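Take a look at the structure below.
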Amino acid sequence: MACALLSSLEDAKVLAGGQSLMPLLNFRLARPAHLVDINRIDGFDRIYERDGGIGVQALARQAAVEDSDLVARACPLLRDALRLVAHRVIRNRGTVCGSLAHADPASELPAVLLALGGGVVAMSARGQRVIAAQDLFTGVFETSLRSDELLAEAWFPASPPKSGIHE
Ligand SMILES: Cc1cc2nc3c(=O)[nH]c(=O)nc-3n(C[C@H](O)[C@H](O)[C@H](O)COP(=O)(O)OP(=O)(O)OC[C@H]3O[C@@H](n4cnc5c(N)ncnc54)[C@H](O)[C@@H]3O)c2cc1C
């Protein structure tokens, strides 16, 4: 449904945690004609093991990823970086995928995705495609996501044992 709306509406923006988008709307720095609120999509907040790494779906909140035992074990850099993102109240709403889609060059999570060599799954009414981190971030607040695409999932490769970030 969200993908159908994104493909049919002109000038639509996805609303995830709203922690970056809402301030932009408040200050009239963004004036999209439509908001596609994905918050009530059931079962779109999984944090799970796949393909030697961790998949983080679009509605997984930053706080949930930070608290995940799986993330702590397999991808400690992600857990440690999340502790530096804003403060807990923001992380209770903000999503990992929203931070990646927002592509603020000062953000922690795009840097983590790039450093680990992860990627994202972009979904649209036309299907889905995988975008490697180095092809995702194209400029300041710019990504290679198309206007009708939802960033459905981020994928962070597991860190090998004894890599520098392990305690
Ligand atoms: C006070 C404050 C301090 C902050 N400090 C930091 C910080 O220190 N470090 C840091 O990294 N971040 C910080 N942030 C930003 C925070 O991490 C946001 O949660 C994050 O940048 C955006 O995630 P979101 O889910 O809130 O996205 P939203 O605000 O809902 O959306 C942000 C943008 O991404 C797009 N988008 C969101 N989800 C998707 C999706 N699934 N598919 C396609 N497009 C999508 C939206 O259309 C919008 O353009 C701070 C925010 C606040 C309010």
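Can you tell me which residues in the stretch 85-126 are basic (Lys, Arg) and either surrounded by fewer than 19 Cβ atoms within 10 Å (Cβ to Cβ) or part of a loop (DSSP other than H, G, I, E, B) (or both)? Selection gives Arg88, Arg93, Arg126. Note on the stretch 54-80: residues that are open to solvent by 10 Å² or more (accessible area, probe 1.4 Å) and among the small types (Gly, Ala, Ser) total 4. Contact map, the stretch 83-108: first residue of a type in the set (Asp, Glu), second residue within 6 Å of the ligand (Cβ to nearest atom), Cβ cut-off under 9 Å, separation 6 or more or different chains; pairs are Asp104/Ser20; Glu108/Val85; Glu108/Ser99. Tell me which residues, restricted to the stretch 7-33, are touching a residue at least 24 places away in the same chain (Cβ under 8 Å), surrounded by 13 or more Cβ atoms within 10 Å (Cβ to Cβ) and more than 8 Å from the ligand (Cβ to nearest atom). Scanning the stretch 7-33 gives Ser7, Leu9, Ala12.
Please state which one of Ile38, Ile47 is in contact (Cβ under 8 Å) with a residue 60 or more places away in the chain and aliphatic (A, V, I, L, M).
Working: Ile47 fails: in contact (Cβ under 8 Å) with a residue 60 or more places away in the chain.
Being in contact (Cβ under 8 Å) with a residue 60 or more places away in the chain and aliphatic (A, V, I, L, M) holds for just one of Ile38, Ile47, which is Ile38.
The values are calculated or read from the model by the stated rules, or taken from the named source; none is laboratory data. Everything quoted here is computed from the prediction, not taken from an experiment. Positions of Cβ are backbone-derived with ideal geometry, glycine not excepted, and every protein chain shown enters the neighbour counts. Surface areas here come from the heavy atoms of the whole protein model, side chains and all, with no ligands, DNA or RNA. Shrake-Rupley method; radii C 1.70, N 1.55, O 1.52, S 1.80 Å.
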